[in-house]
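The values are calculated or read from the model by the stated rules, or taken from the named source; none is laboratory data. Keep in mind the model is a prediction, meaning the values are calculated, not measured. All Cβ positions, even for glycine, are placed from backbone atoms using ideal geometry, and neighbour counts span all protein chains on display.
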Amino acid sequence: MIAAGEDKNPLSRDQARTRQIVRRLIGGGDTAACGAACDDLYRDLSRWVGPDGCHALFKRALAETRATHPALERIQLRAHSDPYIDGVADALAEHGEAAAADAFESLLFSLVELLGRLIGDDMASKLIERSLAAPKPGAQRPVAERAEM
């Protein structure tokens, strides 16, 4: 018998690793954090795979997840724009916090898996770890780091 909260289809080790990466990307896990994580990841990965390659990854991930997550139906990807993801507020308003956040988490999961299939899981993890470590636009560096400059 499966205990409450357990999945009938447990994740493979690679999928569990991908899920862990996605959870680190989204931080708080609400819809706004997920939308910001998509924007940040697009910007950061574009440096490594190019904006067009990154946009293609996001388009493919969106196409894969849109069928099972209606909250992504009106999401638009705006290549070379800031913000990159358009329609986050609409998804939240139409589908609620839980469904919208779950949809964006699934989108990021699909994206990380696709990237892993293309360049290998280890390299994908390293690129995303760099994204997590990179200061976000508008964020101030810690005082100790500024003092070293």
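Here's the yes/no breakdown for (1) of a type in the set (Lys, Arg); (2) surrounded by 14 or more Cβ atoms within 10 Å (Cβ to Cβ); (3) part of a helix (DSSP H, G or I):
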site	(1), (2), (3)
95	no, yes, yes
104	no, yes, yes
109	no, yes, yes
122	no, no, yes
126	yes, no, yes
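With respect to residue 60, is the statement that it is within 19 Å of residue 109 (Cα to Cα) and out of contact with any Asp or Glu (no Cβ under 8 Å at 6 or more places or on another chain) true? So residue 60 passes the test.
Residue 21 meets the stated requirement of being among the β-branched types (Val, Ile, Thr), out of contact with any strand residue (DSSP E or B) (no Cβ under 9 Å at 6 or more places or on another chain) and either without any contact (Cβ under 8 Å) to a residue 24 or more places away in the chain or closer than 18 Å to residue 101 by Cβ (or both).
Among the residues of region 79-86, is there at least one that is assigned to a helix (DSSP H, G or I) and either surrounded by 14 or more Cβ atoms within 10 Å (Cβ to Cβ) or at pLDDT below 95 (or both)? So far as region 79-86 goes, no, none of its residues is assigned to a helix (DSSP H, G or I) and either surrounded by 14 or more Cβ atoms within 10 Å (Cβ to Cβ) or at pLDDT below 95 (or both).
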